Every structure is written in C-alpha cells, then in structure tokens.
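The values are calculated or read from the model by the stated rules, or taken from the named source; none is laboratory data. Keep in mind that this is a model prediction, so the values were computed, not measured. Cβ placement follows ideal geometry from the backbone for every residue including glycine, while neighbour counts extend to all protein chains displayed. Ligands, DNA and RNA are excluded from the accessible area calculation, which covers all protein heavy atoms including side chains. Shrake-Rupley method; radii C 1.70, N 1.55, O 1.52, S 1.80 Å.
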Amino acid sequence: MIDQLTIDRINDAARIEDVVGDYVTLRKRGVNLLGLCPFHNEKTPSFTVSPAKGIFKCFGCGKGGNSVHFIMEHEQLSYVEALKYLARKYHIEVVEKELTPEEEAARNDRESMLLVNEYAQKYFTNILHNHIDGKAVGLGYFRERGFRDDIIRKFQLGYCLDEKDGFTKDALKSGYKKEFLVKTGLTIEGENNYVADRFRGRVMFPVHSLSGKVLAFGGRILKKDEKLAKYVNSPESEIYHKSNELYGIFFAKQAIVRHDRCYLVEGYTDVISMFQSGIENVVASSGTSLTPGQIRLIHRFTENVTVLYDGDPAGIKASIRGIDLLLEEGLNIKVLLLPDGDDPDSFARKNNASDFIRFVEENSVDFIRFKTSLLLNEVGNDPIKRAGLVQDIVRSIAIIPNQLIRSEYVKECSTLLDVNEQMLYHEIAKIKNKQLESKLTPKTETETAANQQPKLEQSEKPGQTAQKFENEERNIIRVLIKYGSYLQFISTDENGENSTPVTVSDYILHELETDNLSLQNPVLDTILREYKLLPKDSATDVEKHFLNHPDVAVSQLVADLITEKYTLSKIHSKFRELETDDKRLNELAPRYIYEYKLALIIQNRKEMLLKMKKAAESNDASAVGQIMKEIEQIDYFKNILSKELDRVLNLL
Ligand SMILES: [Zn+2]
C-alpha cells in the first residue's frame, strides 16, 4: 500500500495535460484542451482535458478520470503500478504503508522469490548469448527455429547449461538463499544436501506477470531422450498460480486493447512466432485447458477471442469443452483452423505478417458455427447421433449470457442443423430452467419453502437490489461532492415560512439521517460515510480528496461522477438542458433526495405485495390484513413524496 501523502504528491506533480500530452496531441478549446481519444477510434475529437480540475473525459466512449486513471487505462496497469509509474516519471519517492509482521514476512517471501527469478532470468539469458555452450546449443536452436535476435531478447529467452547444479551453485555464491531457490522450483532438493538444477540442458522461456515480473519458467529439452519430458515448468508457488497466468500477456496486453481482440494459442513458441510475424495480441494457455482465472484475465482487456487450432481433429474435439467456458464468461469466440499439418508456429514461419493477418481475417469462423459443422460432419445421417448433436449445440448456446447474441445463434443453427427455431428455443428454455432450478435448490431442509418462490424473486440475482437505486444514489453523491458547500439552497420550515439558507450538504445529510438511510451501493456508501467525516472548511477540497483516494474504486467512481452529465428525467428534460447544475440546486438537491426515497418506497411496496401473496397462499388471513395495513401506510408516504417531487420538478 502506498500512503496518502505520497499519492497526493504524485497527483500534484502529474499534471493531467502533461501526462495525457505524452500520448495525445491536445489543442486549446476555451478553458479545456481537446484531442483525439486514445481509447476509441474517432475522427473528430471528443476527448477533453480539464487542467483546472485535473481530469480527462471522453464524450465518445465515456472513459474519464485523473492522471493515474489515464495511465492505468493506457498502460493497462493496476492502481498501485500506475502510481509507481508516475512516481518514477516525476522523481517522487514512494513511501509504502507499514505492514503487520505477518504481511511483511509474506511480502518478503514473495519479493525474495521474485528476486531469485529475476536473477535466474538474467543468468540464463547471459549464458544463451555469451557462454560457448549457450551460444552453440541454445541460441543455435532458437535461430534454427527462425526467431530473430530482437525477439529472443524481448522475450528474455535463455539457456540452462547441462550440468547437475551449475546454476544453483552460482546463485548461492551470489548470495541468494537456498530456501527461495527451492521455493521457486529452480533448484530441486533431495536428501543429504543433494541439490540439482531443475532445468538443466533446457532452453528457457520466462513466464511474465501482467506487469512484467518473472513468475516462472518453462524449459524445453534439446537432446533426444525418451525418458525426459519435452517441457518442464516451474511448480506452483506463492508467486506462480499456473491457472491464473497466460504466457505472453505482458507483451500482448496493449495490442489486445488496441485491436480489441486476443489470439489464443497453445505453446510458448506459438506466441513468439506470431508476435515476430506482427501479430502481437497473442497469448498461450501453456498446454493446460483454459481456466476461469485465465479467462477473466483476457476479459480485462477485450471481449473478443480467436482460438487458433492446428488441423488435428482429435485435438480440436478435446479442447472444445474448454471453449464453452469462454462463452459462459460472455466472450465472443472465433476459431481459426490452420491448414493441415501446420501449427501457429510453423504457419507463422512460412508466411509473412501480412499474409498471416489476411489468412486470419479470411478464415476465422464463429465458434458455434465451427462446432456445429465439425460435429455435423462426424454424425452424418445417423438420427440418434444427430439428436445428441442438437443437444450439444443447444447447451453451448444456452450458456451465452447475452440474449441478442443467443437469438442470432438460434437463427443460424436452425439453418445449419435443419431444425426449426421454435424447437431450439424450446430446448434452450429447458436447459435454462434446469440451471435455474439447480441454483435455487435449497441446500438445507429448512429452506424447502423457498421452492415455491414467486417469479419475481426468481429473476432477482444477488446484488441486483444494490444496482436498482444506483442512478438515484449517484445523483445524490454527485451533488454532494460538486456542490456540497454551496449556500444558495433555501430551506423552509414546515409552514413554508422562515426561509433560511443552508448548505447543500447540510440539507442532504439531514434528509438522509432523519430517515436513517444509508446507500446500497457499497462504494457510494463508503464515500458518503467518509464525506461526513471531512472537515467543513474552505481549505478542504472535497473533489480532490476523493479523486486522490487510495481506494481506486472510490477515485474512479468520483472521477466518473464529476464528469458525467446528470440524468434528466424524461418529461422535464426539454427546457432544462441549457442550464447548469449549480443554478438549479434549489430544485436538484431535493429532487434527488425525493427520487431516492421514492425508489426505496416502491421497492418496499413490491416486497410487501410478495409477502401478501405468500400469506394469501397459505390462507393466513390475519397476516394478509396486517400487510394490507402496512401497504396503506406505504401508499400514504408514497403519495406525499410524489407530490413533493412534482412540486420540485415544476419549480421554475
Ligand atoms: Zn473515447
């Protein structure tokens, strides 16, 4: 963790026009600067930088934030990484928060392991380029494969000499502890102080983290020995969880964002060959089938994935199951089948970049279409096998979260499979119902009553309630942060007399407190609670406080809030668009409060109706009567609030 003082110092130094200016040509437009957005393709500039506020905002794609957010987005870094990046640029010393002894120990372990890996990578690279055996065997092998020297350097490839413990001895001599050599798996430890190099006689492929740290190695044997595995990888460790990493992601991430597509291949050499041929947005799952962690990693950068296959049918069939996982994550999947006998590596070597790219573009097919025709070929005219195939395809379609895309597939597969659309929809509905049932099946016997849940509850997922009020809550927090200290708001007492000026924040906080309301969205609620604790003096820059917040969820949300246009109600938007918020606080502050309270009441009423339905079903007359009374109460308040809201909306 970086301490607040350092974050403030970084934010003060990293002037937004300066940081953005490194990547975007900016022109002055009034008090702001304007340029072409680096995050989406545009011909007329809609990317705005406000030096006064220290923020950027694109009115085309909606991206916005302060200098740190810009670097996060542009360089695809985490919050802390982006802060450190800017600290380096502006020569600011980074002070990290003190850790507990346990945290300190764990961090030291991880850091020691990363240091050992860094040492090992440099060691193996040095041998590859400078040792006589390294050059002859290792470098010779890479060059024979057609890897250019700049690519060999870029991917930090190396060679481990074919000696029992040459590397381990040198590492110990250089002061690295045996403990960490063993923990990273570089060294194998046996009884009676026996040690050996895990990777001896192998060319080395370092596996980098998203930020470029060496987490692990893959080593390929060069001599022919039936007893030895062709590839050996670092074991799982505190710093290396194979299922969460993708080979090549560090080098590919920017290209993935730029092209909004990720190519997925199987091995290290596939990645390197494709990268060399100019296709840089490529990663490998390193032999294992895809895991949810790897899929999430891809999803951070794009929704579009193209999976490359060599023409081996058995291999293709085996990996098809894994691809269903990608569909489930909501990714759009294409498949590219390479010509017979070629893998991505050999194909990239045979073709130059533009041929390769053209081949990819012309031959990528949609995954479900691919799967359908592949299996269709196999089943031929056997009606039973065919029915099984329909089931299989339908299962793939059913897990796609987006309904629009689903119906596209239904259309297409109905033609391909020669089955009518209605029947496919029917099958999909059956599968979805089953999924729903298994999700809703009570875990304990006491919950069996939940089986008869009415429809409304079934369709609600956890977290949905919190989203329900998000617009209302955002409006409240936005007005608080932007205009909290404004005095022009006039409050009247119950008789509508004795107008007294109060600040917007006093009004809003008072309104929320009298009804004992918190916010449902956890980030917005954090902001609200922290807002109450801020000193109420002119020296407190509330916007800046939250923009520089150490919690990136907070700072990003606030950056969004202060740049977004408020959501005008549909009926009243016509005449108001030209007015600015601050002229309308008398209307806006109460309106947002009433809208929020009204939304809560309406939700409450819905819940009551459900309760009543349940009570009616179990013939509990007294409960029904009680609930009806409560609903009457709710309606009474709802009425008052609606009237108040109407009055406010009609203020002119
Ligand atoms: Zn944009």
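Results, tabulated for the structure shown:
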{"quantity": "Modelled FRET efficiency - R0 45 Å, ASN363 with ALA553, Cβ distances, 0.05 increments", "calculated": "0.60"}
{"quantity": "Where chymotrypsin sites (Phe, Trp or Tyr not before Pro) fall in DSSP loop in the stretch 178-232, at most 14 other Cβ within 10 Å", "calculated": "TYR194"}
{"quantity": "Cα-Cα over 25 Å, subset of LYS53/LYS597; LYS385/LYS434; LYS154/LYS242; LYS253/LYS411; LYS84/LYS173; LYS334/LYS468", "calculated": "LYS53/LYS597; LYS253/LYS411; LYS84/LYS173; LYS334/LYS468"}
{"quantity": "Exposure rule at most 11 other beta-carbon atoms within 10 Å, DSSP loop trypsin sites (Lys or Arg not before Pro): the chain longest free segment", "calculated": "231-442"}
{"quantity": "Computed E for ARG529/ALA13 - FRET, C-beta separation, R0 25 angstrom, nearest 0.05", "calculated": "0.25"}
{"quantity": "Rg/Rh (Cα only; Kirkwood hydrodynamic radius) as it applies to the stretch 249-439", "calculated": "0.99"}
{"quantity": "The stretch 106-146: projected area of the alpha-carbon convex hull, averaged over directions, in nm²", "calculated": "3.3"}
{"quantity": "Estimated 222 nm signal from helices in the chain, with DSSP H stretches of n ≥ 4 weighted -39500 (n - 2.57), rounded to 500", "calculated": "-16500 deg cm²/dmol"}
{"quantity": "Rounded tilt (10° steps) of 504-514 against the dominant C-alpha axis of the chain", "calculated": "80"}
{"quantity": "Stokes-Einstein translational diffusion, the chain - Kirkwood Rh over all Cα pairs, 1.002 mPa s, 20 °C, in µm²/s", "calculated": "72"}
{"quantity": "Solvent-accessible ranking of THR372, THR25, largest area first, probe 1.4 Å", "calculated": "THR25, THR372"}
{"quantity": "Computed E for LYS411/ASN471 - FRET, C-beta separation, R0 51 angstrom, nearest 0.05", "calculated": "0.90"}
{"quantity": "With Cα atoms, 0 to 90° folded angle of helix 313-328 axis to the chain main axis", "calculated": "20"}
{"quantity": "Per residue value of the accessible surface for the chain (all protein chains in place, 1.4 Å probe), Å²", "calculated": "53"}
{"quantity": "Unit charges on C-beta of K, R, D, E only; dipole of the chain, Debye", "calculated": "1320"}
{"quantity": "Tilt relative to the chain, helix 4-13 - C-alpha long axis, 0 to 90 degrees, to 10", "calculated": "80"}
{"quantity": "Label-point gap, in nm, between ASP3 and GLU118 - each point 7 angstrom along Cα→Cβ", "calculated": "2.3"}
{"quantity": "Normalised per residue, the volume of the convex hull around the Cα set of the stretch 101-240 (Å³)", "calculated": "121"}
{"quantity": "³J(HN,Hα), Karplus 6.51/-1.76/1.60, whole Hz, each residue of the stretch 218-231, x for Gly, Pro", "calculated": "x, x, 10, 6, 10, 7, 7, 8, 4, 6, 9, 5, 4, 10"}
{"quantity": "Theoretical gain in end-to-end length, LEU172 to ASN126 [0.36 nm per residue, Cα-Cα removed]", "calculated": "14.8 nm"}
{"quantity": "Rounded accessible area of HIS545 (nearest 10 Å², 1.4 Å probe)", "calculated": "70"}
